[in-house]
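The structure appears below as structure tokens.
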Amino acid sequence: MAMKVYGPAASTNVARVLVCLEEVGAEYELVPVDMPSGEHKSPEHVARNPFGQVPAFQDGDLILSESRAISKYILRKAGSDLLRESNLSESAMVDVWLEVENGHFSSAMSPIIFQTLIVPNFLGGKTDTKIVEENVRKLKTALEVYESRLSKFKYLAGDFVSLADISHFPAAYYLLGGPHASVLDAYPHVKAWIAEVMDRPSAKKVAELMKMPSA
Ligand SMILES: N[C@@H](CCC(=O)N[C@@H](CSO)C(=O)NCC(=O)O)C(=O)O
């Protein structure tokens, strides 16, 4: 039975799971969740994701939530080298930079995406520029570290591409498509690295899914 992903492709955390499925060429079904109507808070969905969030994931009788854990499951099941699990130190570096992506990059990008895209376009509200400015500063602090790291290594975890790089795709998609793309101009190694991530067939496929109206 095909693996199922619950949630809109346009959600960064759903997109993270989709890009991993595309990386390993797995069969999967994307099951819509109508968030404007609050379907993600329904008992059926909360049974799949205890926080009432998207994504949720099902593979047979295994039900998972948390996009990075789901991503690791998908890559492990496929025996993908994107986790570098045949090498203890390399796999540890993948975990380090996956945590960095979560805590320093996406944690700054999420409020920026919410304030500049969701609030004005889907909630009919006004962007809170204070929140945006505060998180652009946080993003720049992170990008200083990335620039230094990527001037020494081809990819974040080392001289090999890994989940740590791929996991940046969703937030990078919105950064490049949003009002703050020019932030990258001050970080040439980061800008080139993000372009390489975005150029992966998996990223291009999911970028198309993210654009679809139902997404
Ligand atoms: N740590 C989790 C975060 C999921 C999440 O925030 N999902 C959002 C939409 S994507 O940005 C969500 O479901 N928001 C609605 C809500 O929190 O009620 C993960 O990695 O899967």
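The values are calculated or read from the model by the stated rules, or taken from the named source; none is laboratory data. Remember, predicted model here, so these are calculated numbers, not experimental data. Heads up, the Cβs are rebuilt from the backbone with ideal geometry, glycines too, and the neighbour counts pull from every protein chain shown. Quick note on the areas: whole protein, heavy atoms, side chains included, nothing else; ligands and nucleic acids left out. Shrake-Rupley method; radii C 1.70, N 1.55, O 1.52, S 1.80 Å.
Probing with 1.4 Å while keeping every protein chain in the model, the per residue accessible area of the stretch 111-215 equals 51 Å². Net charge of the neighbourhood of E134, taken over other residues with C-beta under 14 Å away and scored Lys/Arg +1, Asp/Glu -1, is +2. Within a straight-line Cα-Cα reach of under 13 Å, K77 can be paired with the following aspartates and glutamates, leaving aside sequence neighbours fewer than 8 residues apart in one chain: E23, E27, D59, E85. The Cβ shell under 12 Å around E147 holds other residues with a net charge of +2, Lys and Arg each +1, Asp and Glu each -1.
Prolate is the label for the stretch 88-207, because a/c, from the alpha-carbon gyration tensor with a ≥ b ≥ c as root eigenvalues, is 1.5 or above and a/b exceeds b/c. Shape analysis of the stretch 53-113 places it in the oblate category; the axes a ≥ b ≥ c from the Cα gyration tensor give an a/c of at least 1.5, with a/b not above b/c. Dividing the summed -39500 (n - 2.57) terms of all DSSP H runs of n ≥ 4 by the residue count of the chain sets its mean residue ellipticity at 222 nm at -15000 deg cm²/dmol.
The percentage of C-alpha pairs in the chain whose separation is greater than 24 Å is 42%. Seen from W193, the other residues with C-beta closer than 13 Å to its C-beta sum to a net charge of -1, counting Lys and Arg as +1 and Asp and Glu as -1.
The translational diffusion coefficient of the stretch 3-78, from Stokes-Einstein at 4 °C and 1.567 mPa s with a Kirkwood hydrodynamic radius over alpha carbon pairs, comes to 107 µm²/s. Counting only trypsin sites (Lys or Arg not before Pro) that sit in a DSSP loop (anything but H, G, I, E, B) with at most 10 other Cβ atoms within 10 Å, what is the longest stretch of the chain containing none of them? Longest run free of exposed loop sites: 1-125. The portion of the accessible surface of the stretch 163-203 made up by carbon and sulfur, rounded to a whole percent, is 61 (1.4 Å probe; DNA, RNA and ligands excluded).
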